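Remarks on the structure that follows.
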Amino acid sequence: MFSFLDSRMRDYDAVVEIGANVGVFTLYFTAQLAKWGSDRRVYAFEPSRRAGLRLLKNLDLNQATNVSCFNCAVGDRTRFEWFFEPEGHLTNGSLVRDFAAKFSAEVRKAPCLMVDAAQLGELLDTHQRVLLKIDVEGFEAPLLRALAPVIQAKRPDILLEVLPEFEAAINDSAAMAAPGYEYFAIVSKGLQLQDRIRAVAGRDCFLTPGGAKRRT
């Protein structure tokens with residue numbers, strides 16, 4: 001994944017990361033964008049309080065300054081939602097309780113703020129070349145539908161985690177939210193064109209507007 005992204009990061013002046021967790025990818029994005037200009041920025045969203053605090057600490061330890069962090073989820077409207085976290089699994093919190101319950105018999109729930117995905121349009125108003133990374137543990141399909149206006153306005157590249165049990169719903173949502181996009185699996189040799197979004201290789205798929213320049 002990082003080898004693939006290395007060849008593309010100079011293309012982007014902003015990264016929106018929804019589901020940042022403790023910041024493994026956030027730190028990578030901040031370091032990469034900093035190489036290509038001081039005006040390039042990462043916008044990281046993480047609804048878990050525990051993971052969000054770890055994210056902030058990791059960014060502080062690495063002196064990352066070109067990043068804005070938001071301790072909230074993103075969805076179809078602004079409201080409070082339940083966020084579910086399996087005991088002992090910091091990386092598997094989800095807005096989908098059944099998904100979180102796969103990892104532990106004990107699932108804690110806490111209210112989190114969800115913000116309307118349309119608000120991202122304001123964050124990205126001055127940015128032209130955007131990468132959207134989505135890793136939301138089973139909530140991908142509803143999120144893609146909510147993001148449809150932003151996706152259609154900004155035409156970002158999209159890096160999307162796809163788990164087998166959510167494939168069908170994700171494909172339905174992507175067809176509506178991102179018309180004209182091409183779907184690729186990320187494999188060791190680069191990009192592999194797919195006829196639909198599939199959970200293959202490392203589970204992350206790359207979506208890009210049809211006809212866009214491809215690099216492997």
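The values are calculated or read from the model by the stated rules, or taken from the named source; none is laboratory data. Values in this document were obtained by computation on a predicted structure and should not be read as measured data. Every residue, glycine as well, gets a Cβ built from its backbone with ideal geometry; the counts of neighbours run over all protein chains shown. Just the protein is used for accessible areas: all its heavy atoms, side chains included, with ligands, DNA and RNA removed. Shrake-Rupley method; radii C 1.70, N 1.55, O 1.52, S 1.80 Å.
Within region 152-199, the residues that satisfy the criterion of being more than 23 Å from F99 (Cβ to Cβ), part of a helix (DSSP H, G or I) and out of contact with any His (no Cβ under 9 Å at 6 or more places or on another chain) are Q152, A153. Take the conditions (1) within 23 Å of V200 (Cβ to Cβ); (2) in contact (Cβ under 8 Å) with a residue 40 or more places away in the chain; A177 misses just one of them, which is (2). Could you tell me whether any residue of region 92-101 is in contact with a Phe, Trp or Tyr (Cβ under 8 Å, 6 or more places away or on another chain), in a strand (DSSP E or B) and open to solvent by 20 Å² or more (accessible area, probe 1.4 Å)? Checked region 92-101: no residue is in contact with a Phe, Trp or Tyr (Cβ under 8 Å, 6 or more places away or on another chain), in a strand (DSSP E or B) and open to solvent by 20 Å² or more (accessible area, probe 1.4 Å). Being modelled with pLDDT of 95 or more, within 24 Å of M1 (Cα to Cα) and surrounded by 17 or more Cβ atoms within 10 Å (Cβ to Cβ) is a property that A148 lacks. Considering the conditions (1) among the polar types (S, T, N, Q); (2) within 28 Å of L124 (Cα to Cα); (3) surrounded by fewer than 15 Cβ atoms within 10 Å (Cβ to Cβ), T208 is excluded by exactly one of them, (3). Inclusion of L123 among residues that are modelled with pLDDT under 95, exposed (fewer than 14 other Cβ atoms within 10 Å of the Cβ) and touching a strand residue (DSSP E or B) at 6+ places or on another chain (Cβ under 9 Å) is not warranted. Residues that are open to solvent by less than 40 Å² (accessible area, probe 1.4 Å) and in a strand (DSSP E or B) occur at least once in region 1-14. Looking at region 29-81, the strands (runs of 3 or more DSSP E) lying wholly inside it that each contain 2 or more residues that are small (G, A, S) sit at 73-75.
The residue list R203, R214, R129 contains one member that is modelled with pLDDT of 95 or more, among the charged types (D, E, K, R), over 20 Å from C72 (Cβ atoms) and open to solvent by 50 Å² or more (accessible area, probe 1.4 Å), which is R129.
The single condition among (1) in contact (Cβ under 8 Å) with a residue 60 or more places away in the chain; (2) farther than 19 Å from G52 by Cβ that L90 does not meet is (2).
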